[in-house]
Every structure is written in C-alpha cells, then in structure tokens.
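Taking it in order: structure first as structure tokens, then the write-up.
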Amino acid sequence: MSISLVMEVMQAAAAAAIKIGMPILLLSLIIGLVIAVFQAATQIQEQTLTFVPKLITIAAILLVGGSWMLNKVVIFTQQIMNMIAN
C-alpha cells in the first residue's frame, strides 16, 4: 500500500465524515444559537431549554436523512473493501 493510496483513503474518509455529520452539526448549531438569543432576551437560564430542542432536532434529522447517511457509509465501505480486494 503506497503513501498516496493511504492519503486518498484518508481524504475520502474525511470527506464522507463531513458529508454525514454536517447536517446534524449545522442544525444543532442553528437551534442552539436561536435558543441562546431567546434565553438572553428573556433572561431564562434553564439548561434543559437548549438540550430538549436540540435532541428533537437531531432525532428528526436522523429520521428524515438517516437512510441517506447510511447509504453514504455503505458506499464508502464498499469502496474501501474493493480497494482491499485489489
């Protein structure tokens, strides 16, 4: 296994991780920011106020996009297995 092949695999793994994780992280960030602004405006400092909406949002994202995410992981795994076989 050459160094260039290892670097290619690592680059593909990083790209796959970003593609899979970005929707969850981005929407969690947006929800957290909206709730932080709401907390600052109303002076409500309840810790669970940020946790529950983020949890619901992440569950919804996984329900809606979970099959797409799983498909991306399966495709990446198949590519790695084909590289190993060759």
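The values are calculated or read from the model by the stated rules, or taken from the named source; none is laboratory data. Bear in mind the structure is a predicted one, so any value in this text is a computation, not a measurement. SASA here: full protein model, heavy atoms, side chains in, ligands and nucleic acids out. Shrake-Rupley method; radii C 1.70, N 1.55, O 1.52, S 1.80 Å.
Things to note:
- Stokes-Einstein, applied to the Kirkwood radius of the range 6-73 over Cα pairs at a viscosity of 1.002 mPa s and 20 °C, places its translational diffusion at 157 µm² s⁻¹.
- Rounded to 10°, Cα long-axis angle of helix 48-85 versus longest principal axis of the chain: 0
- Heavy-atom surface of the chain, accessible at 1.4 Å and reported per residue (Å²): 77
- Axis angle, to the nearest 10 degrees, between helix 3-42 and the longest C-alpha principal axis of the chain: 10 degrees.
- Extension gain, T48 back to I75 (0.36 nm per residue minus Cα-Cα distance, nm): 6.0 nm
- The range 41-86-the range 1-35 distance, computed between alpha-carbon centres (Å): 11
- Helix-derived mean residue ellipticity, 222 nm - over the chain, DSSP H n ≥ 4, -39500 (n - 2.57), to 500: -33500 deg cm²/dmol
- Mean Cα-pair separation over length for the chain, i.e. relative contact order, pairs under 8 Å, 6 or more apart, %: 42
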